[in-house]
Amino acid sequence: MKKFLIVCVAIGAGFLFANQSSAQQVKIGYFDEQSILPLMPGIQKVDTLLRSFTEDSLRQEYDYTLGMYMRQDSVWKKDSASMPAKARELAQRDLNTLKIKLIRWQEYSNNLAEQKKEELLAPFMKKIVDALHDVVVEQKYAYVLRQDALYPYVQPPLLDNLTIRVAMKLKLTIPKELEDEWKRQSGGGAPSNRPAGGAAKPKG
């Protein structure tokens, strides 16, 4: 998922704080897409589709590969001695290819599952990235850091948390921890899409 991030800028503490008056003129924020993904309407279907892909498609491919290996292994044991040299070489190569695939199946299936997950998350990530872009342009931020890249260079309270702004831009239901962060950042008051004393109604 990390490849979907717009910007990841490594900035040392010296750059940020060597000239405090200059730093105050440069708007710097941090962002965590993993805090927003679970809030996206319809995101629950990703787990269902991914589980179906793993249990159905990948399982069928494993069963097919195993069946092919067993058949070719049986043929190999029975006929390899009488095969012409070239045919024996090709048969052994095909058998070894299937064997290696089965031995490395866990790694292979994990890679396919990760690719499928990224494919399923892509429409949600596009909405998040577009909203982040709009927030950066509208609020005139010069730099956006990934939240997990901050420590040990700078403490989050010294920067703006853009995660809450993106959630508001997307009109998402805002959890308490993000609301608390917004209050610390803005000096109090509930986010505009969350009525005081109640949860915001999700859109879409």
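Nothing in this text is a laboratory measurement; each read-out follows from the coordinates by a stated rule. Everything numeric here is computed off the predicted structure, so don't read it as measured data. Heads up, the Cβs are rebuilt from the backbone with ideal geometry, glycines too, and the neighbour counts pull from every protein chain shown.
What the table below lists for this structure:
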read-out: Net +/- balance of residues flanking K78 in space, Cβ distance below 14 Å, scoring K and R +1, D and E -1; value: +1
read-out: Fully extended contour minus Cα-Cα distance, from R93 to T173, at 0.36 nm per residue; value: 23.2 nm
read-out: Most to least packed among 54-62, 119-127, 166-174 [average Cβ atoms within 10 Å]; value: 166-174, 119-127, 54-62
read-out: Mean shadow area of region 70-141 over all directions, Cα convex hull, nm²; value: 8.1
read-out: Förster-model FRET efficiency, 45 Å R0, Y64 and Q25, C-beta, rounded to 0.05; value: 0.15
read-out: Potential extension, K127-D180 segment - 0.36 nm per residue separation minus Cα distance; value: 16.7 nm
